[in-house]
1. Would you mind classifying the stretch 37-195 by shape? Square roots of the alpha carbon gyration tensor eigenvalues, ordered a ≥ b ≥ c; an a/c under 1.5 is rounded, otherwise it is prolate if a/b is larger than b/c and oblate if not.
2. By per-residue mean of other Cβ atoms within 10 Å, what is the highest-first order of 150-158, 138-146, 121-129, 64-72?
3. Using the structure shown, list the pairs from Lys159/Lys191; Lys88/Lys159; Lys35/Lys66 with a Cα-Cα distance above 19 Å, or answer none.
4. Arrange the following residues from fewest to most other Cβ atoms within 10 Å of their Cβ: Phe107, Phe74.
5. Counting Lys and Arg as +1 and Asp and Glu as -1, what is the net charge of the other residues whose Cβ lies under 15 Å from the Cβ of Lys46?
6. Net charge near Lys66: determine it from the other residues with C-beta under 11 Å of the C-beta of Lys66, scoring Lys and Arg +1 and Asp and Glu -1.
7. All other residues with a Cβ under 13 Å from the Cβ of Ser149 taken together, and with Lys, Arg as +1 and Asp, Glu as -1, what is their net charge?
8. Taking 22 Å as R0, compute the FRET efficiency from the Cβ-Cβ separation of Ala77 and Ser164 and round it to 0.05.
Amino acid sequence: MKIRILLATAAVALGLIAAPAINQSISSAPVAATKADGELVWAGRKNLTSYVGGPENVTVSDGAYKLPPTQDDFSWAFLSTDYNPATKTGSINYKGKVDWYHAGHGFHIIISNPTIKYTNGKGEFIADVKMPVTGGETTEGRAAIFTLSDSAGTVEGNKYSWPSVGTTVTAEGERLFQKWYAAGSAWDSAKYYVSL
Ligand code: HEM
């Protein structure tokens, strides 16, 4: 009996058994306020998906998913936001990585962690881009790769939705995509929402 008590005391001292005081401090933690949420649904460019040979040559990870039934439209998970609807300013950050791989030409176009950024209602699409070409160069960086078309979106309670927003390649996008898409050319429109 004495030995058991001694062993238990030693285990607590060594941190092998959590002391009751620790549990109490966890259970008394404040309950978090309503959590912001959102989703980006964006195919990138369906023409590019066809060009690489279809969705089977597109790899999604880190919070991006292929959407049924066609698998060439992608869902990007919500990460965080500081969007202020009163000023139409702030960022909505999504996560996920989509990697288009053309085996024949030996190149990847990888887009990850997109951010929709509004400044006084004007939208930019920022993301990490990496384009390595076998036997060629690799471009890489995080930049505003698209300009977003003007779209007022809709409001439903605390949910702000933009059902169809055009994406147009910027000069920085043209550089990161190694001039395969000229500034001003279009990728597919994006659909996204954020609940604050
Ligand atoms: C390193 C080599 C290459 C790279 C990185 C590359 C990349 C690309 C990219 C990014 C596009 C745009 C796809 C889209 O979103 O619409 C494209 C289109 C195209 N490429 Fe290539 N390409 C390469 C080599 C070639 C070669 C060798 C050919 C021909 C033999 C070729 C023929 C085409 C054609 C015809 C299109 C237009 C496809 C369409 O409009 O559907 N490419 N290429």
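1. Details: a/c = 2.08, a/b = 1.56, b/c = 1.33.
Prolate.
2. On the way: 150-158: 11.2, 138-146: 17.0, 121-129: 19.1, 64-72: 14.6.
Ranked by mean Cβ neighbours within 10 Å, highest first: 121-129, 138-146, 64-72, 150-158.
3. Those over the limit are Lys35/Lys66.
4. On the way: Phe107 19, Phe74 22.
If I rank by nearby Cβ atoms, fewest first, I get Phe107, Phe74.
5. Values: positive: Arg45, Lys66, Lys191; negative: Glu56, Asp72, Asp73, Asp188.
Summing Lys/Arg as +1 and Asp/Glu as -1 gives -1.
6. Residues close to Lys66 contribute a combined charge of -3.
7. Values: positive: Lys122, Lys191; negative: Glu124, Asp150, Asp188.
Taking every Cβ under 13 Å from that of Ser149, the sum is -1.
8. Values: r = 20 Å, r/R0 = 0.92.
Once the sixth-power term is evaluated, E becomes 0.60.
We did not get these values from a lab; they are worked out from the coordinates using the rules stated. As the structure is a computational prediction, the values presented were derived from the model and not from experiment. Virtual Cβ from ideal backbone geometry, glycine too; neighbours counted across all protein chains shown.
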